Amino acid sequence: MGLVVMAGILGLAAVVPRLRRSLTALDPEAGTSHSHRIPRRAALWMMLAGGILLGVANALLVVALQLGDLAVVSVIIGIYPLATIVLARLVLKERMSAVQASGVGLALIATVLLALSTV
């Protein structure tokens, strides 16, 4: 539900300049030389793609919960923030510390071991 509300706010921000200025005030990098402007058409396509991907992810989640082992599916659902970490690394070129990288690795190893133990 929170994602739907956030998507609505961001969608309105693309259309309503006053709301856009209010949301820009929340960004500490807004107005600096490091801020990047995304063209409106590209932003709309990204919002559309994000909505479609979110819908597909929710549908696959329901299928996994119905067909899969609840113990494995719930653990895999619990590590979904790893997707954000991987995307931040690939898209934004953010760096992970050694502790963070080892945490990601251990989470993936634990998930694989849990999945193999239920087979």
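For residue 75, are the conditions met, namely being over 24 Å from residue 50 (Cβ atoms), surrounded by 10 or more Cβ atoms within 10 Å (Cβ to Cβ) and not hydroxyl-bearing (Ser, Thr, Tyr)?
Answer is yes for this residue.
Look at residue 82 and say whether it is surrounded by 14 or more Cβ atoms within 10 Å (Cβ to Cβ), at pLDDT 85 or above and either among the hydrophobic types (A, V, I, L, M, F, W, C) or farther than 17 Å from residue 53 by Cβ (or both).
Yes; evaluated as a whole, the condition is true for this residue.
Which is modelled with pLDDT of 80 or more and out of contact with any Gly (no Cβ under 8 Å at 6 or more places or on another chain), of 19, 106?
Being modelled with pLDDT of 80 or more and out of contact with any Gly (no Cβ under 8 Å at 6 or more places or on another chain) holds for just one of 19, 106, which is 106.
Under 7 Å between Cβ atoms, which residue pairs at least 6 apart in sequence (or on different chains) link something in the stretch 62-78 that is more than 15 Å from residue 112 (Cα to Cα) with a partner that is surrounded by 15 or more Cβ atoms within 10 Å (Cβ to Cβ)?
64/73; 65/73
The values are calculated or read from the model by the stated rules, or taken from the named source; none is laboratory data. Keep in mind the model is a prediction, meaning the values are calculated, not measured. Positions of Cβ are generated from backbone atoms using ideal geometry, with glycine treated the same way; all protein chains shown enter the neighbour counts.
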